[in-house]
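The values are calculated or read from the model by the stated rules, or taken from the named source; none is laboratory data. Note that this is a predicted model, so its numbers are computed, not measured. With ideal geometry, Cβ positions are generated from the backbone for all residues, glycine too; neighbour counts draw on all protein chains shown. In case anyone asks, the SASA skips ligands and DNA or RNA and just uses the protein heavy atoms, side chains included. Shrake-Rupley method; radii C 1.70, N 1.55, O 1.52, S 1.80 Å.
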Amino acid sequence: MDTATPAVTVALHDGQSVVAQSSQVDARRHGELLLPAVHRVLDEAGLGLDAVTDLVVGVGPGPYTGLRVGLVTAATFGSALGVPVHGLCTLDGLAYASGFDEPFVVATDARRKEVYWARYDDARTRVTEPAVDRPADIADLVAGLPAVGAGARLYGEVFPDAREPEHQSAAALAGLAAERLAAGETLLDPLPLYLRRPDAQVPKNYKVVTPQ
């Protein structure tokens, strides 16, 4: 599952291929849409939650509110079922879904007129760490490269060669995870990759209330 972008996306993978999947794009309803999507995918596959042997969740980068929905849900399922929970970079899922065999960029919408982005040599090989920047500030670094993701579509002046996919797919994330686990690789811990502080802040000074 992945909720690090506006796409609330869930998939079930049997180690060889995707069995069922569900994706809905809605930046404001992650918490409302995720659990029904899990049930829908399991129903389509004709399986119960107890059939799950591993959980994979996108760790971002992504906005604080949406990202934590997927991470907390995955952690809760993992604890209840007693199965391992693995993390994968959300940008890697988009890259894998592209199928590219040439250098390119993944860019998602980070709001605040910024993008979360990384460069790749091909669909499986990321060559830079995920970062958050204003598109104009990275124009020289991404010049001439095709790009995927909603961030690329938002800023066509910096990413003129924007291609599919636009949104994250849990099916691609699961496929990449299955491939890496089969190769004996260790995936990320399921911890959030925020890259910046959340919009909500604890007040520095509390209002003083005096008795009447």
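Quick rundown of the values:
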| read-out | value |
| --- | --- |
| For SER79, net neighbour charge (Lys/Arg +1, Asp/Glu -1) across residues whose Cβ lies under 15 Å away | -3 |
| Probe 1.4 Å, accessible area per residue of the chain, Å² | 53 Å² |
| In sequence order, calculated HN-Hα J values of the range 124-139 (Karplus, 6.51, -1.76, 1.60; Hz; x Gly/Pro) | 10, 10, 8, 10, 9, 6, x, 9, 10, 8, 6, x, 4, 6, 10, 4 |
| Relative contact order (%) - the chain, alpha-carbon pairs under 8 angstrom, separation at least six | 23 percent |
| Directionally averaged shadow of the range 1-124, computed from the convex hull of its alpha-carbon atoms, nm² | 7.7 nm² |
| Solvent-accessible area, 1.4 Å probe, carbon plus sulfur percent, for the chain | 51 percent |
